[in-house]
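**Student:** Let me begin by handing over the structure; questions about it come next.
The values are calculated or read from the model by the stated rules, or taken from the named source; none is laboratory data. Keep in mind the model is a prediction, meaning the values are calculated, not measured. Don't worry about glycine lacking a Cβ; one is built from the backbone with ideal geometry, like all the others, and counts go over all protein chains shown.
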Amino acid sequence: MAKKRKINAESIISEAERNLTIRDVWNAGSAEKLTFFIMGLNQLKHKQFAKGAMFLALEVAFLGWLIFSGISALSLMTTLGPNKEMTTGLDKDGIPVTIQPDNSVIILLWGVLAFLIIAAFIVLFIQNYKSNKHLVYLKQTGQHVPTNKEELASLLDSNLHKTLMAVPLLVFFLFTILPTLYMITMAFTNYNKEHAIAFSWTGFTSFGQILSGNLAGTFFPVLIWTLIWAVLATVTTFLGGVLLAMLIESKGIKGKGMWRTIFVIVFAVPQFVTLLLMAQFLNTQGALNNLLMDWHIISEPIKFITTDSNAWVSRATVIVVNMWIGIPVSMLTSTAIIQNLPQDQIEAARIDGANSFKIFKSITFPQILFVMTPALIQQFIGNINNFNVIYLLTGGWPMNANYNSAGETDLLVTWLYKLVFGQTQQYNVAAALGILIFIVNASISLVAYRRTNAFKEG
């Protein structure tokens, strides 16, 4: 009961503390007021030296960075560097020298980092305010103020989550947030092969090129094929895996473990190895064409994945090869679900005269679909971004003269790769395309997932 009263008291205190306003904290005293400007001051006053010193040191470091580096980085963000072209001039001794243009790549990077540092400082200021507010509340209610030793001990107890998350958050900040924002800002510049060092802000020009400009004739056909591919790749592997699992789990099939092992081996082989081997197997001089000609089934090689293949032949080939790779995965998942189906429902259906097809249609398949729908949505999004299958198998072939740096089997993600590493090197357009791909993925994911029974019943 004592423990319960303690928990309830803490919840009441928490609610009462939450009701304190900024005005209440401001009027609590001089130290509390000064802490709005000199972070950590009130904590140091109450002998929470570690916390107070941390807040103060980080504020001093931030102000030092802002004065000596931050303001300069932010000011250069407006133009990304005033010098856009290589010029000549004279040094202090009157000797002609070449003046290189400003490196907008570095300027943009430091500018984005500057905004993130400011955002991080705002979060730090909020934490400083919350700590200051908590001390005001403890002082007003006459409660015990944690000592420096108790505050440090809490980092391994009640505040252990803060200790454990410190390093992961820093890594996430540097290697996820920063590159992502850097890529997003790049989409609003003219950063390309012609402006590889010095570039400028161009607003939504890159998006205009993709949606209504010279790249629209490539974007929309590639987008349509990407969605068609994602649907077919997801549906075929799912249905193939379910049917294969049902076949193996049938009562008349012997050696179930052996059959599962065979298909698991297919799955266990690294995907890139399978794709490279299949590319050789399906080549005009590959084993498949040689066998078909030896058996007199065809008189000349079938162009499955060449530069001048029929577009839909190559696309059908990609889907079939993807089935070879993806069906074993779906088979394993479906097998686990089938083995855990309620057998009483199935037996009751058999007693009522239902055949195997009706049982599959009304009991087995709906339950498999219910469990696997979230995974299917994830798989669908993964297929939209399926770089390996297209790049390693076809490389985007066959080519289309009406497309800009893309082939008939290219997805949006492989086209993005070609825009970056191809001859044109349109980094800004690739960044804008990356944003559009994210919008497509996020929209489909949110709409599809919210419509699933798993979400509605979960």
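**Student:** How many residues does region 347-356 hold that are farther than 24 Å from PHE263 by Cβ and in a helix (DSSP H, G or I)?
**Tutor:** Count: 5.
**Student:** For region 1-46: of the residues being charged (D, E, K, R) and surrounded by 15 or more Cβ atoms within 10 Å (Cβ to Cβ), which is modelled with the lowest pLDDT?
**Tutor:** GLU17
**Student:** Out of all the residues in region 348-370, is one or more within 29 Å of LEU223 (Cα to Cα) and either modelled with pLDDT under 95 or among the aromatic types (Phe, Trp, Tyr) (or both)?
**Tutor:** Scanning region 348-370 turns up at least one residue that is within 29 Å of LEU223 (Cα to Cα) and either modelled with pLDDT under 95 or among the aromatic types (Phe, Trp, Tyr) (or both).
**Student:** Looking only at region 245-265, filter to residues that are touching a residue at least 60 places away in the same chain (Cβ under 8 Å) and either out of contact with any Ser or Thr (no Cβ under 8 Å at 6 or more places or on another chain) or exposed (fewer than 12 other Cβ atoms within 10 Å of the Cβ) (or both); which one of those is farthest from VAL321 (Cα to Cα)?
**Tutor:** Checking each candidate, the answer is VAL264.
**Student:** Across region 256-290, which residue is nearest to VAL329 (Cα to Cα) among those that are small (Gly, Ala, Ser) and at pLDDT below 90?
**Tutor:** Top of the filtered list is ALA268.
**Student:** Which one of PHE115, PHE121 is touching a helix residue (DSSP H, G or I) at 6+ places or on another chain (Cβ under 7 Å), closer than 26 Å to PHE37 by Cα and at pLDDT 95 or above?
**Tutor:** The conditions single out PHE121.
**Student:** Can you name every residue in region 204-259 that is small (Gly, Ala, Ser) and outside any helix (DSSP H, G or I)?
**Tutor:** Matches in region 204-259: SER212, GLY213, SER250, GLY252, GLY255.
**Student:** Considering each of ILE319, ILE359, ILE327, ILE337 in turn, give the residue that is more than 30 Å from ILE384 (Cβ to Cβ), in contact with a helix residue (DSSP H, G or I) (Cβ under 6 Å, 6 or more places away or on another chain), part of a helix (DSSP H, G or I) and in the same structural domain as LEU232 (by TED's automatic domain parsing).
**Tutor:** The match here is ILE359.
**Student:** Given the conditions (1) polar (S, T, N, Q); (2) surrounded by 13 or more Cβ atoms within 10 Å (Cβ to Cβ); (3) within 30 Å of TYR427 (Cα to Cα), and given that ASN128 satisfies all but one, which numbered condition is not satisfied?
**Tutor:** Every listed condition holds for ASN128 apart from (3).
**Student:** Can you name every residue in region 275-287 that is out of contact with any Ser or Thr (no Cβ under 9 Å at 6 or more places or on another chain) and surrounded by fewer than 17 Cβ atoms within 10 Å (Cβ to Cβ)?
**Tutor:** LEU276, LEU277, GLN280, PHE281, GLN285, ALA287 - these are the residues of region 275-287 that are out of contact with any Ser or Thr (no Cβ under 9 Å at 6 or more places or on another chain) and surrounded by fewer than 17 Cβ atoms within 10 Å (Cβ to Cβ).
**Student:** Another question about this same structure. Residue under question is ILE248, and the condition is that it be assigned by TED's automatic domain parsing to the domain that holds ILE435 and at pLDDT 90 or above; does it hold?
**Tutor:** Yes: the conditions hold for ILE248.
**Student:** I've got another one for you. Name the pairs: first residue in region 20-37 and over 22 Å from ALA57 (Cβ atoms), second residue part of a helix (DSSP H, G or I) and of a type in the set (S, T, N, Q), Cβ to Cβ under 9 Å, at least 6 apart or on different chains?
**Tutor:** Once the first residue is over 22 Å from ALA57 (Cβ atoms) and sits in region 20-37, its partners that are part of a helix (DSSP H, G or I) and of a type in the set (S, T, N, Q) give LEU20/GLN140; ASP24/GLN140; VAL25/ASN132; ALA28/ASN42; ALA28/ASN132; ALA28/GLN140; GLY29/ASN42.
**Student:** If you take just the helices (runs of 4 or more DSSP H) that sit entirely in region 391-458, which of them hold at least 3 residues that are of a type in the set (Gly, Ala, Ser) and either out of contact with any Ser or Thr (no Cβ under 7 Å at 6 or more places or on another chain) or surrounded by fewer than 23 Cβ atoms within 10 Å (Cβ to Cβ) (or both)?
**Tutor:** 427-450
**Student:** Answer yes or no as to whether ILE197 is touching a helix residue (DSSP H, G or I) at 6+ places or on another chain (Cβ under 8 Å) and not basic (Lys, Arg).
**Tutor:** Here the answer is yes, as ILE197 does meet what is asked.
**Student:** Now for a different question. Does PHE199 satisfy the criteria of being assigned to a helix (DSSP H, G or I), over 30 Å from LEU20 (Cβ atoms) and not assigned by TED's automatic domain parsing to the domain that holds ILE107?
**Tutor:** Considered against the rule, which asks whether it is assigned to a helix (DSSP H, G or I), over 30 Å from LEU20 (Cβ atoms) and not assigned by TED's automatic domain parsing to the domain that holds ILE107, PHE199 comes out as no.
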